[in-house]
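S.K.: Let me give you the structure first, and then I'll get to my questions.
The values are calculated or read from the model by the stated rules, or taken from the named source; none is laboratory data. The model shown is predicted, which means the values in this text are computed figures rather than measured ones. Neighbour counts run over all protein chains shown; Cβ positions are idealised from the backbone, glycine included. Keep in mind that these areas ignore ligands, DNA and RNA; they rest on the heavy atoms of the full protein, side chains included. Shrake-Rupley method; radii C 1.70, N 1.55, O 1.52, S 1.80 Å.
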Amino acid sequence: FFKYKVLLSPSQVNWVYVVAPLFVISLSLVTARIARYLGRILTPVIFSSTGICMLFTLWILGQFKDDDGVEYLWRETHLVLPIFVMRMACMNCCQPIRKSVLIDFVPKKARARWNSLDSITKMSWSGSAVFGGILCDKYGYGASFLVTACMQTVAISIYACLFFFRHEITGRAAKREKRFGQS
C-alpha cells in the first residue's frame with residue numbers, strides 16, 4: 001500500500017513503522033489512566049471504534065479516483081500517514097486492558113489454557129494477512145480496508161457486550177487486589 005499507492009520510498013515506509021509503535025506506547029499510557037475513569041470495557045470500545053472509523057476513512061479516501069483510475073487522495077501523505085499511525089495506535093493501545101479483562105473472567109486454574117488460546121488468536125493475524133493480500137490482489141487495497149473494518153466492527157460489538165458484565169469484572173478485580181494487597 002505505502003509503496004504502490006502512497007508512493008513512499010522503502011526508507012520512508014520504515015520510518016512509518018518506527019514512529020507508529022511510539023504512538024502505540026504513548027496512547028497505552030493514556031488509556032491506562034482513562035480506564036480508571038471510564039472502565040476497562042468502555043475504554044477499549046471507544047479507542048477501537050475510533051481506529052475502525054479511521055480505517056473506514058482510509059477506504060473512503062480510496063474511493064476518490066482521477067480519470068486514470070488512480071486513488072489520488074491516498075497519495076496525500078499529510079492525510080494518509082496520520083490516519084494510519086493513529087489508527088494503529090488506537091487499535092493496539094488497549095491490548096493490556098483487554099488482557100486484564102480476560103484474566104478477570106477466567107478462573108485461575110484455566111488461565112494457562114486461555115493464554116495459550118490467546119496466543120493462537122494472535123497467530124491468526126498471519127492468516128488474515130494472507131486473506132487481506134488475496135483481497136488486495138483481486139479487488140484492491142480499498143476492499144481489504146473495508147472488509148477489515150467490517151470484521152473489526154463485529155468484533156468490537158461483541159466485546160462491547162461485556163459492558164453488561166462490568167460490575168462482575170470490577171468485583172473480581174477488587175477481590176484480587178484485596179487478596180494481593182494492591183491498590
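S.K.: Residues being of a type in the set (A, V, I, L, M) and either closer than 30 Å to Tyr141 by Cβ or at pLDDT 95 or above (or both): count how many of those fall in the stretch 35-57.
M.R.: Residues of the stretch 35-57 that are of a type in the set (A, V, I, L, M), as a first pass: 35, 38, 41-42, 45-46, 52, 54-55.
Add one more test, that the residue is either closer than 30 Å to Tyr141 by Cβ or at pLDDT 95 or above (or both), and what stays is 45-46, 52, 54-55.
So the answer is 5.
S.K.: If you don't mind, there's one more thing I want to ask. When you look at Phe1, is it open to solvent by 30 Å² or more (accessible area, probe 1.4 Å), outside any helix (DSSP H, G or I), closer than 20 Å to Thr148 by Cα and touching a residue at least 60 places away in the same chain (Cβ under 8 Å), yes or no? Step through it out loud before you land on a result.
M.R.: On the way: open to solvent by 30 Å² or more (accessible area, probe 1.4 Å): yes; outside any helix (DSSP H, G or I): yes; closer than 20 Å to Thr148 by Cα: yes; touching a residue at least 60 places away in the same chain (Cβ under 8 Å): yes.
So Phe1 fits the description; yes.
S.K.: Consider Arg111 carefully, then state whether it is among the charged types (D, E, K, R), touching a Ser or Thr at 6+ places or on another chain (Cβ under 7 Å), open to solvent by 50 Å² or more (accessible area, probe 1.4 Å) and closer than 24 Å to Ala160 by Cβ. Before you say what the answer is, go through the steps one by one.
M.R.: Numbers: among the charged types (D, E, K, R): yes; touching a Ser or Thr at 6+ places or on another chain (Cβ under 7 Å): no; open to solvent by 50 Å² or more (accessible area, probe 1.4 Å): yes; closer than 24 Å to Ala160 by Cβ: yes.
No.
S.K.: In this structure, does Ile103 turn out to be more than 21 Å from Gly132 (Cα to Cα), open to solvent by 20 Å² or more (accessible area, probe 1.4 Å) and over 15 Å from the mean Cα position of the chain (by Cα)?
M.R.: Details: more than 21 Å from Gly132 (Cα to Cα): yes; open to solvent by 20 Å² or more (accessible area, probe 1.4 Å): yes; over 15 Å from the mean Cα position of the chain (by Cα): yes.
Considered against the rule, which asks whether it is more than 21 Å from Gly132 (Cα to Cα), open to solvent by 20 Å² or more (accessible area, probe 1.4 Å) and over 15 Å from the mean Cα position of the chain (by Cα), Ile103 comes out as yes.
S.K.: Do we find a residue being open to solvent by 20 Å² or more (accessible area, probe 1.4 Å), part of a helix (DSSP H, G or I), within 19 Å of Ile156 (Cα to Cα) and in contact with a helix residue (DSSP H, G or I) (Cβ under 7 Å, 6 or more places away or on another chain) anywhere in the stretch 7-21?
M.R.: no
S.K.: Can you report the number of residues in the stretch 36-56 which are more than 22 Å from Val154 (Cα to Cα) and open to solvent by less than 60 Å² (accessible area, probe 1.4 Å)? Give the derivation first.
M.R.: Step one: filter the stretch 36-56 for residues more than 22 Å from Val154 (Cα to Cα), giving 36-37.
Remaining after also requiring open to solvent by less than 60 Å² (accessible area, probe 1.4 Å): none.
Here the count works out to 0.
S.K.: Here is a check on your reading of the model: is Leu73 in contact with a Gly (Cβ under 8 Å, 6 or more places away or on another chain) and not basic (Lys, Arg)?
M.R.: On the way: in contact with a Gly (Cβ under 8 Å, 6 or more places away or on another chain): yes; not basic (Lys, Arg): yes.
Here the answer is yes, as Leu73 does meet what is asked.
S.K.: Further question on the same structure: Out of the residues in the stretch 119-157 meeting the condition of being open to solvent by 60 Å² or more (accessible area, probe 1.4 Å) and of a type in the set (Val, Ile, Thr), tell me which one is modelled with the highest pLDDT.
M.R.: The extreme case among them is Val154.
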